Structure formats: structure tokens, C-alpha cells
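The values are calculated or read from the model by the stated rules, or taken from the named source; none is laboratory data. Since we're looking at a predicted model, the values are computed, not measured. As a convention, Cβ positions derive from the backbone with ideal geometry for all residues, glycine included, and neighbour counts pool all protein chains shown. Only protein heavy atoms, including side chains, enter the accessible area calculation; ligands, DNA and RNA are left aside. Shrake-Rupley method; radii C 1.70, N 1.55, O 1.52, S 1.80 Å.
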Amino acid sequence: MRACLVPLRWCGVAFALWACAGPVWAEEPTVTNATLTEMRIWFAAMTAAAVLLLAVFWSRRQLLFGLLGGAVLLGSAARLWLTQPLWFPRLEISTDPPENLIMLAILAAQAGLTFFVLMRPAGRAAIRCLFAQAGGLRLALLVVLIAAFSISATPYINYGYYTAFGLQIGVGGVLSLVQIATLVAVFTVSGPDHAPRLPVSGLAIFATLVSATLAWTAFDRVPHVEDELCYLFQARIFASGALWSPAPPEAAQPALDYFLLDIRDDRWLSVFAPGWSAVLSLGVLIGAPWLVNPLLTGASVWLTHDILRRTVSRERADLVALLMATSPWVLAVGASLMAHSATVFMVLVGLWCLLRAGSGSTLRDIALAFVAGLALGWVFVIRPLDGVIVGGLAGLWLLRRLPTGGGQVATYTAGGVLSGSAFLLFNYAFTEQFLLTPQADYFVRIWGDTGNAFGFGPTVGPPEKNFGALDMWPGHSPLEGLVNMLHGFAALNMELLGWVFGSLIPVWVALLWRNSLTKFDWAMLLAFLTIIGALFFYWFIGGFYIGPRYWYTAALPALVLAAAGIEEINRRLPEKHRGRLGNVVLLLCAVSVVSFTSWRGVSKYQNYGNYSGDIRRMAQAGDIGNALVFVSAHHNIGSALYLNDPFLPLDKPIFLRDLGAEQNAAVIEAFPGREVIYLGDAN
């Protein structure tokens, strides 16, 4: 009986911690890209979805299952409402807006319902079974991990708010345990016990459509960070058949200046490696660059399924494909203009070819190894560090086929060198040195003695503290590397599966119990640790936009380990409950897409970084011909500059930063004969 009272006590503890933590963050306003009206509409939609779920199972005479499923959905939505979505998400401890109290009431009702179900004999039996199968010590460690990574420690360390951090992880841990207790209760009531097998083709199409919808709506087909603008700029150059565009007139250069766009002598270029821009240029050619990543995301789901089917089992392949197709992280990266989806796609193509090649030395096997080398070599051209890590690990794995697979090793190496050398030739074209990248050269010139480099020391990273809590101390140190890593895990815990109680829980289960890990799982763990370990030495953690994006190449290993953890849970369940777990996972994946992904779209991705499609729409609504359009707006100037053709042709408009009358006059003189338009504050 005492065990069954736990959910109610969690609720009481949550309220107490909530009241205590309030004054700490009282001075900080809620930061979100959504209006209160938009958030209210979003939550109304979540309520409607929960009611629909309840109605479906009520009609099947499975009322308690419907109530618990609706509680999972509505409780997740309530917690997301209370979560500040930008930069370093935290629980918002305030009574403004008053809807916050309603969300707490919903979470309290969820705890009460869970208590009611677990108080029954079947519930008490489930709790006893849980402790018997899992063991108290491992369960305690799991609870610590759940609470510890429910929030990022970075801002609290940066500002010295250690008490607030303790209270936040306390509240976060309690709310997570309430959600987990609700899932335990699901196993004790009448409900569906056979999950449908979803076809991988359907999951691939679903991932493509959701990513494309996000790209069209929330992302608005607009760059949202400097990297995306520069990739698109470079893709347009490549689509024209050139490597760079001519430098704009000197008088116009300040009005066109943008971070990571470089002007060297008479050349105007993006400083990034060319691999992703070359792929993105295909989208430019068809007039839909925003569609490239969604297509790669869907194809990646299919490739992942086939790789797991060949290496582990059909059941594991189905599970990983489901997790991948519904992962908010995967879907959001697929909706962006960033290089990460293409990186993972090329990795998957390489692995798929190597697995198809087997261990033989036929012409087919050798040809597949060559294609694998081409694909993994191109990863180096997209993101050099990822290419070195993944290509090196794949090469080491391939060496086990010697001596019978010597032809494969040779052709794999040849393919990798052939495609990877494109990056070295690109470097030479711009810097006249094979190993000096345009990006490294650019940062040396704008940052002086400091550099955008790996390693530790006072000269690693930007010269000034202009990245806020994203770069806490000058230079880079092992301590900062550790803080960055902890933030990456907290971001991954939130974004990987979109399970608000902890996306990493199945990964922790796989590692803590690890009885059913296969050789492929251990290989994935090695890849995961290698990627994260390498980035420990980098001064910056890209976890503020679309999850821990610098870790995205580790998405496949993380999803494989998560699936292994789910299989471990299923193995420890009583026989009568094993069919139920598939339905619970399906419910969680559906809740993730319906609540978490839509919440991210509404509260974060729209207008992220102050980028907007408003200027594009204003330009499309008017006949601006080849005008000079000077933009002075609240929105990021990138919202205008990304519209430019890099060659500034005579028949297209040129969007420029409004620098004031005197400098604007010099720009107008540099482009004679064009109409001049001024766009003011565009909201």
C-alpha cells in the first residue's frame, strides 16, 4: 500500500518545490517565439487529441486505458507548456500566465489517476514485479539519471544559480516519475495487447511528409542561423556551375556583409566545406532547396531499417525505424537547411553498401565497397570531423575481412580518397593550401590570435565572451568540455525521442542491464562514444537550435541503443504483458509527434533567431523588378540577404542592409539605373 501512495506524494513534492523555486527565476521573463494566443490554440489541440484518444478506447470498452493514454498525452503537453523552450529549456516557475496553474492541476490529476490505478491489486503486483525484475540499486541509479538530465546545468553554472538548479532537477525528476508511473499503470488495465507492424515504406513517407511540413510552416523555408544562409548561398553558386561568385562592388560590401560569408580578393564565397552545398544545389535547380533534407530523412529511415534487419533482427529494425521516423530531433533536422541530414544519409549509404558486399571478393562485392568509400568519403567533404571518425571506424571494421576481402579494402580506400579529395582541392582553390580550409583562414583573420580549433588553452575559441552561456569562459578547458558534454546529454534527453520524462531512459536501461546487447549494439556504443569524445575537445556545443546538432552523426547509435533498452524491458516483463509494450511505445511515439514536435514548431522554430519569411512575402507581393531594396527591420537581416542571387544579376533585385543615407548613397551609385526601395520595420 505504501508503494502505491508514491505518485500522490510525488505530486505534493512537486508543488512544494514549485513554490520554493519561484523567487529564483522571478526576474527572468518567459522567452518564446509564440504568442500566448498561439500557445492556447496549441494546447486546445492537444486537449482535443486527448479527448479523441479517450473516446476511441471508451468505445472499445477500455476506459481506463483511454484515460491513462489521454493522461500521458495531456500531461506531456502540460509539462511542455511549463517549459521555457529557447536556448536552455527550464521549467517556468511562475503564475504568469494563469494557465500555468491549470497545467499544474492537470499534472496533479494525472498523479491522482495513476495512484487510483496502482492502488488496485494489479497495480501493487506490477510495482512488486518492477522491483523484483529491475533491482533496487539499478532503479535508484536510473532515477538519479532521469532527474540529473531533466535540465541543462550550463546556465546555472554560468550564473551561479546552484540552488535553482537543484530545485529544477527536483521538480523535473518528480514530474518524470509521475509520467513513468502512469506508464506502469497502463500495464495493469484492460487494453490492446498486439501492436500493429508498421511498414517501413509508410514510416519513411511519414518522416518525409512531417519534415517537409515543418520546413514549410514552422521553418518557413527560411534560414534560421548563419550556417544555413551560407550553405544556401554556396548552393546557388554551385547550381550555376561556379565555385565562387565575383565580389560585389566595394561600396556595397558593408551592406552585404554577413558572418561566415567571405570576400577574398575578387571572390565572394561561403567558408564552409562544399559537400552539403553541392547536394543542396540539386534542390536549388528544381526551385525547392527546402525539400532536400526531408527527402534525405525519409530515405534514411528506409536505409536504417534495412541495415538493422541485416545486422540484428526484423523486430529491431521495425522498432528503430519507428523511433527514427517519429523522433523530433530527426524530423527537425530534416526540416532545416543544415548539413546533418545529408551527413547521416551518406553514412547510412556507406554502411548499407558494406553490409550488402558481405565478405566476398566478387566484382559485385568490390564495387559495393567502392561505392561505400565514395559515400563515406563524401561525409568528409560535408563535415570533415565526422568523415574522419565514421570513415576511420568503417575502415577498421573492414580490415577484419583481410586477406580474403583485400579487394574490398583497396577499393573502399580508393573510393574514400577519390571523393574526399574534393575537399582538399576546394581548399587549394581558395587558400592555395590543401590543408588550410577557407573557414580556418576566415577565423584567423577575424579573431586574430584565437581560433576556431580543437584542443585546450586560452587561445581556443572566440576572442571575446560574445556567446553568452554557450561559451562560458575564455579559451577552452577540460571543465568547459565536461559542461558542454553534460548540456549535450540534457538536450539529447529532451530531443531524441520527445519523451518528456526522458528520451534517454531506454538507453540508460540498455547500459545498466545490458543483458541483451548484440555485437552491433556494442559497435554502435563505440561509435557514439567516439563522436561525443572527439567533440569534448571543441570549444562550442551546438545544442541551442535543433538539439545537440554537433552530435547528430551519433543519432543512429543512440536510436539503436534506445531500441535495445526497450527490448530489454520487454524481456523482463511477464509473458502476459509483453504484447502491451509495443502499444505503449507506439503511444509514446504518437504523443511525441502530436505534442512535442508541434510544440517545438509553435514555440521555438517559427521566427527562430529573429529570421522570418515576411520580407520574402513583402517582395513577392510587390513588383520590385531589379530594385535595390534597403532593409531596416526588427527581423534578422539574414531574412533579406538570403534572397540575393550571389551573382547580383541585372534582372534581379538586390537586398541590402540599410546603413544610413550616406552609405546607402554610395551603394546606389555602385548599382546605377536601379529603382530604390526602403523596407522599414517588418513585423
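Odds and ends about this structure:
- Selection status of V602, at pLDDT 95 or above, in a helix (DSSP H, G or I) and either crowded, with 21+ Cβ neighbours inside 10 Å or out of contact with any strand residue (DSSP E or B) (no Cβ under 9 Å at 6 or more places or on another chain) (or both): no
- Subset of region 622-639 [within 26 Å of G241 (Cβ to Cβ) and in contact with a helix residue (DSSP H, G or I) (Cβ under 7 Å, 6 or more places away or on another chain)]: G638
- Boolean, V409 is touching a helix residue (DSSP H, G or I) at 6+ places or on another chain (Cβ under 7 Å), open to solvent by 50 Å² or more (accessible area, probe 1.4 Å) and either assigned to a helix (DSSP H, G or I) or not acidic (D, E) (or both): no
- When A255 is tested against (1) without any contact (Cβ under 8 Å) to a residue 60 or more places away in the chain; (2) within 25 Å of R616 (Cα to Cα); (3) part of a helix (DSSP H, G or I), exactly one condition is not met: (1).
- Checking A299 against (1) without any contact (Cβ under 8 Å) to a residue 12 or more places away in the chain; (2) open to solvent by 30 Å² or more (accessible area, probe 1.4 Å); (3) of a type in the set (G, A, S), the condition it does not meet: (1)
- Here is the figure for region 71-114: residues that are among the small types (G, A, S), touching a residue at least 12 places away in the same chain (Cβ under 8 Å) and farther than 19 Å from G498 by Cα total 5.
- Restricting region 631-661 to residues that are more than 22 Å from C230 (Cβ to Cβ) and at pLDDT 90 or above leaves a set whose member that is least open to solvent (accessible area, probe 1.4 Å) is G660.
- Residues that are under 18 Å from the mean Cα position of the chain (by Cα) and of a type in the set (F, W, Y) were ranked within region 524-540; the one that is farthest from L470 (Cα to Cα) is F528.
- Criterion: assigned to a helix (DSSP H, G or I), buried (at least 20 other Cβ atoms within 10 Å of the Cβ) and not hydrophobic (A, V, I, L, M, F, W, C) - qualifying residue of G481, G498, G488: G488
- Residue within region 362-385 that is open to solvent by 10 Å² or more (accessible area, probe 1.4 Å) and within 24 Å of E495 (Cβ to Cβ) present: yes
- For region 40-63, a residue qualifies if it is assigned to a loop (DSSP other than H, G, I, E, B) and loosely packed, with under 15 Cβ neighbours inside 10 Å, and the qualifying residues are R60, R61.
- When G547 is tested against the conditions (1) touching an Asp or Glu at 6+ places or on another chain (Cβ under 7 Å); (2) assigned to a helix (DSSP H, G or I), the lone failure is (2).
- Lone qualifier among R364, R314, R309, R356 - being of a type outside the set (G, A, S) and in contact (Cβ under 8 Å) with a residue 12 or more places away in the chain: R356
- All conditions in (1) open to solvent by 20 Å² or more (accessible area, probe 1.4 Å); (2) at pLDDT 95 or above hold for Y550, with the sole exception of (2).
- Number of residues in region 83-104 that are of a type in the set (D, E) and assigned to a helix (DSSP H, G or I) equals 1.
- Single residue of G475, G533, G481 found to be touching a Leu at 6+ places or on another chain (Cβ under 9 Å) and either in contact (Cβ under 8 Å) with a residue 40 or more places away in the chain or of a type in the set (G, A, S) (or both): G481
- L628 vs. criteria open to solvent by 10 Å² or more (accessible area, probe 1.4 Å) and either at pLDDT 90 or above or farther than 25 Å from D227 by Cβ (or both): no
- Considering G160, G170, the condition of being within 30 Å of G66 (Cα to Cα) and over 23 Å from the mean Cα position of the chain (by Cα) is satisfied by G170 alone.
For every residue, the table says whether it meets (1) under 26 Å from F345 (Cβ atoms); (2) more than 13 Å from the chain's Cα centre (by Cα); (3) crowded, with 24+ Cβ neighbours inside 10 Å.
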| position | (1), (2), (3) |
| --- | --- |
| G542 | yes, no, no |
| A562 | yes, yes, yes |
| I569 | no, yes, no |
| R572 | no, yes, no |
| E575 | no, yes, no |
| V584 | no, yes, no |
| L587 | no, yes, no |
| V591 | no, yes, yes |
| S598 | yes, yes, no |
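- If only residues of region 88-139 that are surrounded by 15 or more Cβ atoms within 10 Å (Cβ to Cβ) and of a type in the set (F, W, Y) are counted, the one that is modelled with the lowest pLDDT is F88.
- Candidates V222, V271, filtered to the one that is hydrophobic (A, V, I, L, M, F, W, C) and under 24 Å from R616 (Cα atoms): V222
- In this structure, D306 does satisfy being at pLDDT 95 or above, over 22 Å from the mean Cα position of the chain (by Cα), acidic (D, E) and under 13 Å from S201 (Cα atoms).
- When residues of region 64-87 are limited to those that are out of contact with any helix residue (DSSP H, G or I) (no Cβ under 7 Å at 6 or more places or on another chain) and farther than 20 Å from V594 by Cβ, the one most open to solvent (accessible area, probe 1.4 Å): W87
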